[in-house]
Every structure is written in C-alpha cells, then in structure tokens.
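The structure appears right after this line, and notes come after that.
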Amino acid sequence: MEQSSTIQKAIKSTNLTALVLAAIAILLLALLVAFNIKPLYNHFTGPFEVSSEELISYHGPQDTFRTYVTTYPIMALDTSYYLFEKLDNGTEFISHSYYALLFDDRLLLAKFPGSGRGDDLQPGPVTGKIVRLTNEEKFQVLQALQEEYPNLKEVFLPYLLDTTADSGSVWLPIVGIAILFVLSVLSLVNLIRCSNDSSKHPIESVISNPDDWQQTPNVPM
C-alpha cells in the first residue's frame, strides 16, 4: 500500500512537471508570435498596394499594420545623398542612395541599393518597407535637404521607404516559432498519453520491470 502511494505521488509529480513545461513552451510560443505578428503578416501576405492618400496620412510605421508596400510615385528625384561603406582594404564605395519620391504635393524619402542614377520621371511601382528614419538619415539627409531647400521643410513625410530591406531578419523568429510549436505539441501529446493511461507512464514502466531493481547487500558495520 505504501509503495503504491509512493508510486502515485511520483506519477503526479512528473505529470505536474510535464504540465508546467508544456505551459511554458506554449506561453513562449504565444509571446514570440505576438511580438512578431506584424513582420510575419507583412512577410507572408505583402507587399500591399497603397495609394498616395494612404501614404500621406501616415506619420510612421506605427500608423499602419501593412508596412511592406508597393507605391506608385509620380517621379523619383535623386537627392545626391549616399551612404558609404568601407572595405577592409580602406576602399570606400556607395552602398545605398536616397531618392525623394513625389506623391501629389508631398515627398517621401526612399532608400535604394547602390549609387543614384539621376532623376527618374517615370519610375513605375516602388516596393519597400515603411520604417522610421534613423538619426543619421534624419539629420544628415532629411535635415540637410531641408536646409538646402527651405521650401521643402514641410513637404517631406516623417518616415522612410526602405527598398533595400530583405527578409533575413524575419527568419529567426520563424525558426523559433517552429521549434517552440514542435516542443509544445510533443509536450502536450506526452502529457495526454501519460494522464490517460498510467500504465504507459515512464515511472510505471520502470517499476514494473523487475530486472531494473537490484537488492543492495547489507554491509556489516
């Protein structure tokens, strides 16, 4: 009777541990999905076509859930502002260029790969991510343009369209979500299996096998 009670307590304890681990895995999975729902949504369902009216109504990526968009500017003006990168041998090259995209009477600063190719009066659709301006872009590009052309001070929209952004950053949470999902499913399946049939419980299987038990000989003192 005492042995049966001890076995039952051990089974309950391991079941409780399995339940806690499953709950932690599910909670982490839910949190990871919640924190990455916006980039995941845009990655799998974007890009979204947006009108100039929509773009003008935004003050930044916080104003829309659809941040991976395709736009249709009237023209693309080369600002002649570039982002330089330096190689290990000290050589500098232009990694990105900045254009001003015209939408009605407003301009949107856009980041493109490589050097500028001059003004484009018929740019066609432009796809990119709506992102916040970095401090460098805010002061060294946007503010510099406004100082050079004071009449453009209230014309630029307060965010950036980044056409260089890739999907690499979103794959890390995708892998994490996949791993946590598998762990959650396995934990739940194991918990349900052990709870429904105690004979399949690991502790019960160990106790029921007499070969796993050895009598320790008494050592005289």
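The set of residues from the range 151-168 being touching a residue at least 24 places away in the same chain (Cβ under 8 Å) and not small (Gly, Ala, Ser) comprises LEU152, VAL155, PHE156, LEU157, PRO158, TYR159, LEU160, LEU161, ASP162, THR163, THR164.
If the condition is being over 20 Å from TYR72 (Cβ atoms) and under 28 Å from the mean Cα position of the chain (by Cα), then the range 114-139 contributes GLY114, ARG132, LEU133, THR134, ASN135, GLU136, GLU137, LYS138, PHE139.
Is the range 83-105 home to any residue that is in contact with a His (Cβ under 7 Å, 6 or more places away or on another chain) and either assigned to a helix (DSSP H, G or I) or not β-branched (Val, Ile, Thr) (or both)? Yes, the range 83-105 contains at least one residue that is in contact with a His (Cβ under 7 Å, 6 or more places away or on another chain) and either assigned to a helix (DSSP H, G or I) or not β-branched (Val, Ile, Thr) (or both). Among what's in the range 22-53 and is assigned to a helix (DSSP H, G or I) and of a type in the set (Gly, Ala, Ser), pick the residue that is modelled with the highest pLDDT. Filtering first and then ranking leaves SER52.
Inspect the range 171-190 for any residue being within 22 Å of GLN62 (Cα to Cα), in contact with a Lys or Arg (Cβ under 9 Å, 6 or more places away or on another chain) and at pLDDT 65 or above and give the result as yes or no. No, that holds for no residue.
The one condition from (1) aliphatic (A, V, I, L, M); (2) at pLDDT 80 or above; (3) surrounded by fewer than 17 Cβ atoms within 10 Å (Cβ to Cβ); (4) over 24 Å from LYS138 (Cβ atoms) that MET75 does not meet is (4).
Just checking, does the range 65-72 include any residue being surrounded by 15 or more Cβ atoms within 10 Å (Cβ to Cβ), out of contact with any strand residue (DSSP E or B) (no Cβ under 6 Å at 6 or more places or on another chain) and at pLDDT 95 or above?
Scanning the range 65-72, I find at least one residue that is surrounded by 15 or more Cβ atoms within 10 Å (Cβ to Cβ), out of contact with any strand residue (DSSP E or B) (no Cβ under 6 Å at 6 or more places or on another chain) and at pLDDT 95 or above, so the answer is yes.
In the range 93-121, what residues are of a type in the set (D, E, K, R) and either closer than 19 Å to PRO61 by Cβ or touching a helix residue (DSSP H, G or I) at 6+ places or on another chain (Cβ under 7 Å) (or both)? Result: ASP104, ARG106, LYS111. Looking across the range 110-134, just one residue is of a type in the set (Ser, Thr, Tyr) and either under 12 Å from ALA100 (Cα atoms) or in contact with a Phe, Trp or Tyr (Cβ under 7 Å, 6 or more places away or on another chain) (or both), and that is SER115.
Selection within the range 53-67: residues that are hydroxyl-bearing (Ser, Thr, Tyr) and in contact (Cβ under 8 Å) with a residue 12 or more places away in the chain. The member of this set that is farthest from TYR41 (Cα to Cα) is TYR58. Scanning the range 123-139 for residues that are over 19 Å from GLY60 (Cα atoms) and surrounded by 14 or more Cβ atoms within 10 Å (Cβ to Cβ) yields a single hit, PRO123. Within the range 122-150, residues that are without any contact (Cβ under 8 Å) to a residue 40 or more places away in the chain reach partners that are in a helix (DSSP H, G or I) and surrounded by 14 or more Cβ atoms within 10 Å (Cβ to Cβ) with beta carbons closer than 6 Å, at six or more positions or on different chains, in the pairs GLN146/LEU152.
When residues in the range 118-174 are screened for being of a type in the set (Phe, Trp, Tyr) and assigned to a helix (DSSP H, G or I), 2 of them pass.
Could you tell me whether any residue of the range 91-110 is surrounded by fewer than 18 Cβ atoms within 10 Å (Cβ to Cβ), farther than 24 Å from GLN143 by Cβ and modelled with pLDDT under 90? Yes, the range 91-110 contains at least one residue that is surrounded by fewer than 18 Cβ atoms within 10 Å (Cβ to Cβ), farther than 24 Å from GLN143 by Cβ and modelled with pLDDT under 90.
The values are calculated or read from the model by the stated rules, or taken from the named source; none is laboratory data. Since the model is a prediction, treat every value here as computed from it, not as a measurement. No Cβ is skipped: glycine too gets one built from the backbone with ideal geometry, and neighbour counts run over all protein chains shown.
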